[in-house]
Structures are given as structure tokens and as C-alpha cells.
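> One structure, as C-alpha cells, below. Some questions next.
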């Protein structure tokens, strides 16, 4: 076969890989050999216009063969998958031969003398280091000034952020799953940033004090930190933000008071915080179409206020909140297409009022909604009301329920044997 361009060899024996490389007559552009280490020598003296290479553990001789190959001058992307085989420093010293390399990804790779040799690949624009031993990122700005994308996860970084501020072309930065608690002022000077992930660190409110300088930032993930109300309030100045992940950050309603300024915000995740009555502050976010606010302390009154003030949310995840009878007001959200309200203390009365409100719904455009209401307190009578419900302007196209105060056999009987006419356009799913 002479037409192959992309080859992925997974878990093959050493002799099989050797035979393939010896006999292959195609002009391979992307080559992957992964999921095992190869301690024998692999000869990369091949006539391939290789642009992308994905490899696991290799012997010293195999590495030398790669770095002295014909394609070493044209290779654009190199990915090193997790391996138990250490990459020796004498090999790393030759990485500078990869003069066309613009993307390098290292995942859980053990490097003998640290990372500085990798930083000599001056053309790099994308660098990923996940769980790499030898984890210093000092002087990265000196050696890799063209970086546009940098991801350094699970590398036990605490500081060392001062040099990142000198990367003037950087648009995406991922520093999740480290132990960062200081240095926010350095990150706030990277005004080219559009995407920033700082999830699962030890960041407090003061870290975000100057984040208003990040005028191009559209995506920010701070899941699993400790920014609290003060830190959340600082972010209300990032008026160009479109996606904001603030789950598990000890935020209450005080932190959301000024979020009406975030007119471009489309996606907001506030799961696992301490919010009770703060939903009303989000009603002014006129572009917000996806809101996740599970596992807070949202009550019925907060839901009622939000539904009366807001009209733009399309996807709402509000599970694990005591919203109770507030559930009945959700049909007021005329653009809502997906609602997750599992474990929300919803009873028969709330279901009945929901159906009543939905029955009155009138619109030029048909609303089709998916509902998930597992783990609540309604009985089989509530399920019967769902089955009887029909409104051509408001269609429940998917319903996910589960056993609550009535037995699952009773609900199953209602769904399978009821003679009640139902809306045939609806899909009813029982869990």
C-alpha cells in the first residue's frame, strides 16, 4: 500500500513495528506508536514527509535515529505519551535539531535533567507539560518567546509565574492542578490572554485583584479554589468574559451583586457554592444562556424572582437545591430547553403548578424542553399529570424521573398501561 498518510500502531510487538517501518512504501505524514515502551532500536531512516509524531518510551539509539532523521527538519508536532523510560539529557540536547517543531506535548514523561533543554526549540508555539518530572518553568520566556499556547498541569507549581508575563504572544494558558496561591499580578500583565484555566489550585481573592487588565479574556476557569465573595466581585470588571467557571469557591450572593455588567457572559458555572438568593443578580446578564448552579442553597423565592426577571436562559442545571414549589415557575423562562432539577424537594403541588403554568404558555415559536427531575418527592399522580399534558407551544420532549415516594413498579405501570391519551410528540424516559 502506497497511499497511507496517517498510521496509528497501538500495542504492537517490537518486531511488528520494525517490520512495518522497513516495508512501508507510503509517504507517512502522521505516525503513532503508543501504549508500550520499545527498548530495542527503531530505525527512523525513512523517506517520510512526517509532520506529526506520537511516541512512548524509546531507547537511546531510537531517539538518536529520530533526531538525526530526514524528517527532523520538517516535523511540526511531537507528542510524548506517558512512559516509564527516562529521556536522557544527551538526547534532550539534540532537540534543538527539530527546527520546524511548533507543537510539543509531554505527558507524565521522566526527563533526566529538567526542562531547560526542551526550551531550546525556539520555534515552539504550543507547549504542553502534564505531570513531567523536572518541572521548572524558569526562563521559559527567554527561550520560547513565540509561545501562543502553554499548558502545565499536575506539575506542583507554586510560584515561578513572574516570567510568564513576558510571553507577549500567549493567548491560552492552562495551569490547573498545581498549588498556585500567589502571582496573580504577573498573569494579569499578559493582556493577550483569551483562555485561562487555573482550576484546582489554592488561589484566594487577592490573586484576582488586577484581572480587570485582562481585556481580551473570554474564558476563565477557577473551579476548586478559594476566591470567595471578594474574588468573585473582582471578576465583574472583566466585561468581555463569555465563559466563567467558578464552581466550589465559597461564593455567596454578595459576590454576584455586580454581575449585571457581564453583558457578554454566555456560560456560568457556580456549582458547589453558598448562594441562597443571588439568582436575581444574574437576570441582567443578557447573553447568559447556560447556567449551572447545583449544590448551593437556592430556595423557592430565589427561583421565583429569577424566573420573573430573566428570559434568556436556555440550559439550567439547578439540582441539589431546596427549590421546592419554585419549580412551578420555570415555564416562565420562555427560551429554556433543558432543565436539571434532581433532588430539589419537588412535590405534587409543584408539579401540578408547573403543568398549569406550561398549559397557559403561548408563543409564536414552539418551546421543546428536556426535564430531569429524579430524586424528588412527587407521587404517581404527578407522573399522570405529565402524561396528560399537551400544549402545541410547549412540548416536553424528554422526561427523566425515578422512584420517589411511590414505588418504581407503580410508575412503570402508569407509563406502560395507562389509557390516558398523551402528547405523541413527547418522549418519556424512566430511570
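Any read-out appearing in this document is the output of simple, stated calculations on the displayed coordinates, not a laboratory observation. Predicted, not measured: the structure shown is a model, and the values here were computed from it. As a convention, Cβ positions derive from the backbone with ideal geometry for all residues, glycine included, and neighbour counts pool all protein chains shown.
> For the Cα atoms of the chain, what angle does the longest principal axis make with the long axis of helix 14-23, in degrees from 0 to 90, nearest 10?
70 degrees
> Now, a different point. What order, most packed first, do the peptides 140-150, 84-94 have when packing is the mean number of other Cβ atoms within 10 Å of each residue?
By packing density, highest mean first, the sequence is 140-150, 84-94.
> Another question, then. Using the eigenvalues of the Cα gyration tensor, what equivalent ellipsoid semi-axes result for segment 174-243 when each is taken as the square root of five times the eigenvalue, whole Å, largest first?
Calculated on Cα positions only, the semi-axes equal 16, 13, 11 Å.
> Still on this structure, I have one more. For a quick check, take a GNM of the chain with Cα springs below 10 Å and name the residue from 294, 11, 185 with the largest mean-square fluctuation.
Residue with maximal mean-square fluctuation among 294, 11, 185: 11.
> For residue 368 and residue 388 in one chain, what is 0.36 nm times their gap in residues minus the Cα-Cα distance, to one decimal in nm?
Result for the pair: 5.6 nm of gain on full extension.
> Rounded if a/c is under 1.5, else prolate if a/b beats b/c, else oblate: with a ≥ b ≥ c from the C-alpha gyration tensor eigenvalues square-rooted, which is segment 1-63?
In terms of gyration-tensor shape, prolate.
> Would you mind computing, in nm to one decimal, how far apart the modelled labels at residue 168 and residue 100 are, each placed 7 Å from Cα along Cα→Cβ?
That separation, rounded to one decimal, is 2.8 nm.
> I'd like the FRET efficiency for residue 26 and residue 156, computed as 1/(1 + (r/R0)^6) with the beta carbon distance as r and R0 of 41 Å, rounded to 0.05.
So the FRET efficiency works out to roughly 0.45.
> Please give the FRET efficiency for residue 3 paired with residue 43, using the beta carbon to beta carbon distance and R0 = 25 Å, rounded to the nearest 0.05.
0.65
> Taking the Cβ-Cβ separation of residue 297 and residue 192 as r and a Förster radius of 41 Å, what is the calculated FRET efficiency to the nearest 0.05?
0.60
> Further question: If you find the alpha carbon centre of segment 192-220 and of segment 318-389, how far apart are they in angstrom?
37 Å
> How large are Rg and Dmax for the chain when only the alpha carbon atoms are used, in Å?
Computed over the Cα atoms of the chain, radius of gyration and Dmax are 27.6, 78 Å.
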